[in-house]
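The values are calculated or read from the model by the stated rules, or taken from the named source; none is laboratory data. Predicted model only: the values in this text are computed from it and were never measured. FYI the Cβ positions are ideal-geometry reconstructions off the backbone, even for glycines, and counts take in every protein chain you see. Areas reflect the complete protein model, heavy atoms only, side chains present, ligands, DNA and RNA absent. Shrake-Rupley method; radii C 1.70, N 1.55, O 1.52, S 1.80 Å.
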Amino acid sequence: MTTSPLTTGAPPAAPDVVTTAPQPAIRGRSRTGPSRLRALDGLRLLAALMVAAYHFGGRNGEISQAWGGSPAHQFPTAAPLFAYGCLGVQIFFVISGFVICLSGCGRTLRAFTASRVSRLYPAYWAAILLVTAVFALPWVAYKALPPSEVLTNLTMLQQPLGVDRVLGVCWTLWAEMRFYALFALCVVLPGATRGRVVLFCAGWTLAAALAQAAHEPFLDTVLMPEYAPFFIGGVGLYLLHRYGARDPVAWAIVLVSWLIGQHYAVAGLWHAPSATAFSYRSTAVIIAVVTLGFALVAAVALGKLQWANWRWLTVAGALTYPFYLVHEHLGWVVVRALHHGLGLPSYATLILTVGLMLLLAWVLHRFVERPLTPVLRRSIDPRR
């Protein structure tokens, strides 16, 4: 199994299998880590539940049709808080930066590609087909896309191709794919070293800022200025995990990423008070949520959450991705059935909907991901 100077002694792991192994010193600077970062699995599920709260009670749109009115009327107290749940995506990106650096370094390009494809696509394909089938039912109020657009969605490239999305959340997967491509080309392909990872973080930070200044759509698409600091911050946090809290370069990467990331979060989510807006998000709260996301991943990276080593967190981490894929659109159908069909109160409907989506996520993990992921990985990289 291939290793690199950055991860010598640590076997590659899939991104949702957040593991490390004791690692020998690299020029006297590396440190050992816990056998499993289960707390990171828990943070991933927390971020997914934040996004679900946003989709079910923190915005208008199709969910209003499911509730029979604005969620602000269903949850007059909680809706303004649910509106901050969209920041769970930024926390996802920080976690992704950490885990991709943890699991991607030490792999060949082929092995890295196999791990990414086999991790993302089985549950994604199942979610696309499931949502399309449910939306095609005559008693469901939401329309399925035409067959050609559904087939295009199976590639996960529908957004750059200008095709409507079957899954609303898949725009984040497009951002993830671009991060994987940049990391593969700049770090995995030439061979991972600490210096190369640091150069990747610094170069991407500068290039993203220049892309923002250039107002060039192609550069924006490739370099993702508004999301780059969260991925880069996660990579910097992995360096802290790998080399310890006395690494000033890693701290600089994290600090600069946090400063730029909070800027983009505020710029994208804050607006002046308006009677027509669903909710008003405070600048201070936006900054606080972004800061908390960075801080929690930092606590995991520095071993401060080793006490959160419960086995059920492993299951929570495994359910997060399929739950994230199916919860929004199928949640509309379930909310409508429970709230209008059975007349359940709003909060009972919300809790039951989340519970049913978690149950469906377990079914997808058990009967789709577990059997298909290793098959797809071996088909791409038979040497494993």
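May I ask you to list, by number, the DSSP H helices of the chain whose Cα span along the axis is at least 15 Å and whose average Kyte-Doolittle hydropathy reaches 0.0 or more?
38-57, 88-104, 109-135, 170-183, 194-214, 228-243, 248-269, 283-301, 312-336, 346-364
Taking the mean number of other Cβ atoms within 10 Å as a proxy for protection, how do you rank 212-218, 90-96 from highest to lowest?
Highest mean packing first, the order is 90-96, 212-218.
Taking N as the number of residues in segment 314-366, what is its Cα Rg relative to 2.2 N^0.38 Å?
That ratio works out to 1.16.
If you take the C-alpha gyration tensor of the chain, multiply each eigenvalue by 5 and take the square root, what semi-axes do you get, largest first, in whole Å?
34, 24, 21
Kindly state, to the nearest 0.05, the FRET efficiency for H271 paired with A141, given R0 = 22 Å and r defined as their beta-carbon distance.
The computed FRET efficiency comes out at 0.15.
Give the accessible area for V363 in Å² (nearest 10); use a 1.4 Å probe, count only protein heavy atoms, and leave out ligands, DNA and RNA.
60 Å²
Give a quick list of chymotrypsin sites (Phe, Trp or Tyr not before Pro) in segment 257-362 that DSSP marks as loop, anything other than H, G, I, E or B, with at most 15 other Cβ atoms within 10 Å.
W270, Y280, W307, W310
Report the gain in length on full extension from H340 to L81: 0.36 nm times residue separation, minus Cα-Cα distance, nm rounded to one decimal.
90.8 nm
Tally Lys and Arg at +1 and Asp and Glu at -1 over the other residues with C-beta under 12 Å from the C-beta of L189: what net charge comes out?
Local net charge: +3.
Per-residue ellipticity at 222 nm for the chain, helices alone: DSSP H runs ≥ 4 residues times -39500 (n - 2.57), over residue total, nearest 500 deg cm²/dmol?
After summing the helix terms and dividing by the residues of the chain, the value is -20500 deg cm²/dmol.
At what distance in nm do the modelled label points of A252 and V363 sit from each other, each positioned 7 Å from its Cα along Cα→Cβ?
5.3 nm
Report the accessible area of R110, computed with a 1.4 Å probe over the heavy atoms of all protein chains in place, in Å² rounded to the nearest 10.
110 Å²
Taking the Cα centre as origin and putting +1 on Lys and Arg beta-carbons and -1 on Asp and Glu beta-carbons, what dipole magnitude results for the chain, to the nearest 20 debye?
Charge dipole, the chain, about its Cα centre: 1380 debye, nearest 20.
More than 18 angstrom separation, counting every C-alpha pair in segment 116-230; what % is that?
For segment 116-230, the fraction of Cα-Cα distances above 18 Å is 60 percent.
Assuming R0 = 56 Å, what is the FRET efficiency of L189 and Y280, from their Cβ-Cβ distance, to the nearest 0.05?
The formula returns an efficiency of 0.75 here.
If N is the number of residues in segment 301-343, what value comes out of its Cα radius of gyration divided by 2.2 N^0.38 Å?
Here the Cα radius of gyration is 1.80 times the empirical estimate.
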